[in-house]
Every structure is written in C-alpha cells, then in structure tokens.
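What follows is a single structure, written as structure tokens, with notes after it.
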Ligand SMILES: *Cc1c(COP(=O)(O)O)cnc(C)c1O
C-alpha cells in the first residue's frame, strides 16, 4: 500500500475529529520516527508531550514486558504489589499527600472536580449543589462533556450542550479578575500553570504566587492541571515549582505513561483526597500493575537521565537560537524548557503550511490554533539533534 492508500482508508472509516499531517508512520526509535516509505523524521511533537522519555525507551519497554509476565489488570477489587510503590514515588516527587490513579488526563481532571466540589460541601459548608469552580479563559483540560462545557473555545464545545454550570471563567493571568470572581460558594480555582493547547501561553511572572496567596486568603483550593507541563517539560519537575511550594491539588497524565500507555493521576493534600470513600469514585483500569510499572519507570528515568535539567538547558538554547532567526513570519517566541511556541503572523502564512514544509525537511511539528507552531521534542534529545532541527527551522522560516 502507498501513503495515500493508508490515508484514504482512514478517511473512509474514521471519525473526522483529527486532521493529521499527510505522513503514515510505522516505526520509531528515540527521537526519530519512520514512515511507510522509509523516510525518517525527527519528532518535535512528542505526542503532545506524552513521549518525553523518547520513543520505545528501552527501560519503559522492559518495565512493560516484565510486568506482562507477572500480572495484568486485576482491578482495584484487590491490592497489588505495584500500586502503593507507584503512589509513594509520585507523592514524594510532587510533595503531595495522596494520589488517585486514573488513565487519561480528562479522567484525572474529572476526579479533581469531584474532589473539589465535595471538599466545598464538607469542609467549607457550601450549600448543596451551589459549589462553583473558577477556571481560566483559553483553558484546555480535556474532552468530556463536563470539561468542554467550561472551555472558552467554540471549536471544543459547540452543539455539545446543554452544560449544567458550576463553572466561571476569568481571563488567564488576570489576578484582579480572579479576586473579583471569588464568592463564598467558590470551592476551587482550576488552571494550567502555563497553557499548552492554547498555544504555549505564559502567565505574567509572579502570577501563580499571587494566585496561591489569594486562594489561601479565601479558603479556595488551588488545583493545577499539569497534564502537559508535568514531569520535566518546562525545565522544572513541575511547572508550579517555578513559583510556589505546592498546590492543593495536582493533575498529571501524558508523560507519566512513558509514551506507551495511558497513565494519569489526581494528587492532593489529605483533607481533599479524604473526601472519597469506597464506592464514591473509581476506574476499572486506573492504577493497574502495568500502568504502575510504567509510571514508576517513567519517574525513575526522569531522575536518572536528568531529563528536567536537560529540558532547562537545551530549552534555553533552543529559545535563544530561535530568537536569532530573522523571519517575516515570526510574531513571538515563548515557552519554558523544551516547550516552545512560535507565534506566526497569519496575514503572511499559516502555521499548518509551515508544519507541512518542516515535514518535507524531516521534522514533525504540529500547529495549534492555526497561528502557533509548537516545538516539544523528547526530553532525551541530544544537542546535535537539536542543532540539526534548528538548521531546518531556520531554512523554512527565513
Ligand atoms: C492533554 C491534556 C489533557 C487531557 O488529557 P487526555 O489524556 O487527552 O484526556 C488535560 N489537560 C491538559 C493541560 C492537557 O494538555
């Protein structure tokens, strides 16, 4: 079969909820992927940061196959030898008290919303069914009907309603608006510490610290969605560590799964997590031994291979080199660690067209919102590979 045959078959049988670049992959190793014609590409998307440790990382592979020889998915009806160890490791790394394992990012966000509302009723005495959660404009927290209901993007929510309320949106990075929005019925502020899908949007410096102070003063939980910014991506283990000690709730996913399996978690302080009792929440696959073996290994790799430090150093280099590019298309370059957004002037060229041209050079990136090219290579990338990529990015942009 030819490239176009694979694409045509997908078009025939799949929901059209994605618009992939016209490349058909069938193999990967490290930072590289191959298409069915044998062409080789450097992966600069890393599965939206889910693949931080490199494709088919040997240690992840071993953790997975070892576990497959031991125990698969016994459900949470029984204890296993892996779950406690993974939870302990994750709590120690994040500084949070307890975790609740899920699979996808959206499920972990839903878990956070349930916990925040219950905490509001049981610890803040908010009247029944009145709890409000404040969110940020431009947010992305996943695709469930509840989550898209508080999105500010029509693309995500149009004609998926009715949405039942319980959320209020404030402009991202706006301290005054947050202060104004808080009422006695507010149980939590849920936000990304840096926005991913919105186009690698950085809040003003000092914002998160101020947010934490306001939340503390008003007895409002600060819940951070670090599904994308999580382990290592922004040059700290977690993005919140650029400004604060710890939030009240923390949502992780993507890279926790080592690039091979969905692993997510909601973490919180004990008072928040203890609102759950048996039967109140759960997941058939969440916290299964395979997920735990992979998640544990992903965290060990982060530490052993100093991925966070690599992200900080190589990310600073990437940003510095990008800012030297003299291009009529670039409006802005922003980001943290190996997580950079190039803001493209839509009057001159579309981000999609740039991504297609980069693909021709052997570099896979994906546009977000038509005007932003996101660069998020695996954190295992070498300086040589980065330089190779920069050469092509320079060529295309200049
Ligand atoms: C990707 C993402 C999610 C959703 O994760 P899924 O695994 O796709 O459900 C939630 N929050 C943020 C910040 C994300 O980037």
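Worth a mention:
- Search result, residues across the stretch 35-67 that are over 26 Å from residue 295 (Cα atoms) and without any contact (Cβ under 8 Å) to a residue 12 or more places away in the chain: 38
- Among the residues of the stretch 69-114, those identified as within 15 Å of residue 283 (Cβ to Cβ), away from the ligand (no atom under 16 Å from the Cβ) and under 21 Å from the mean Cα position of the chain (by Cα) are 86, 87, 99.
- Members of the stretch 262-303 that are part of a helix (DSSP H, G or I) and surrounded by fewer than 17 Cβ atoms within 10 Å (Cβ to Cβ): 270, 271, 300, 303
- Selection from the stretch 362-371 of residues that are in contact with a helix residue (DSSP H, G or I) (Cβ under 7 Å, 6 or more places away or on another chain) and modelled with pLDDT under 95: 365, 366, 367, 370, 371
- The stretch 31-43, subset crowded, with 18+ Cβ neighbours inside 10 Å and in contact with a helix residue (DSSP H, G or I) (Cβ under 9 Å, 6 or more places away or on another chain), residue nearest to residue 259 (Cα to Cα): 31
- Some residue of the stretch 153-169 being more than 20 Å from residue 224 (Cα to Cα) and touching a strand residue (DSSP E or B) at 6+ places or on another chain (Cβ under 7 Å): no
- Checking 248, 225, 237 one by one, the residue that is within 14 Å of the ligand (Cβ to nearest atom) and in contact (Cβ under 8 Å) with a residue 12 or more places away in the chain is 225 and no other.
- Selection within the stretch 322-332 - outside any loop (DSSP other than H, G, I, E, B) and surrounded by 16 or more Cβ atoms within 10 Å (Cβ to Cβ): 322, 330
- Any hit, the stretch 187-203, residues being surrounded by fewer than 21 Cβ atoms within 10 Å (Cβ to Cβ), more than 16 Å from the ligand (Cβ to nearest atom), in the same structural domain as residue 299 (by TED's automatic domain parsing) and touching a residue at least 12 places away in the same chain (Cβ under 8 Å): no
- Against the numbered list (1) more than 16 Å from the chain's Cα centre (by Cα); (2) at pLDDT 95 or above, residue 348 comes up short only at (2).
Every residue, every condition in (1) outside the structural domain of residue 197 (by TED's automatic domain parsing); (2) in a helix (DSSP H, G or I); (3) in contact with a helix residue (DSSP H, G or I) (Cβ under 9 Å, 6 or more places away or on another chain); (4) surrounded by 15 or more Cβ atoms within 10 Å (Cβ to Cβ), yes or no:
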| site | (1), (2), (3), (4) |
| --- | --- |
| 334 | yes, no, yes, yes |
| 338 | yes, no, yes, yes |
| 341 | yes, no, no, yes |
| 353 | yes, yes, no, no |
| 360 | yes, yes, yes, no |
| 374 | yes, no, yes, yes |
| 385 | yes, yes, no, yes |
| 390 | yes, yes, yes, yes |
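- Checked across the stretch 46-65, the condition of being within 29 Å of residue 274 (Cα to Cα) and surrounded by fewer than 21 Cβ atoms within 10 Å (Cβ to Cβ) holds for no residue.
- The stretch 116-148 - residue that is touching a helix residue (DSSP H, G or I) at 6+ places or on another chain (Cβ under 7 Å) and under 18 Å from residue 212 (Cα atoms) and, of those, nearest to the ligand (Cβ to nearest atom): 133
The values are calculated or read from the model by the stated rules, or taken from the named source; none is laboratory data. Computed from a predicted model, the values in this text were never measured in an experiment. Don't worry about glycine lacking a Cβ; one is built from the backbone with ideal geometry, like all the others, and counts go over all protein chains shown.
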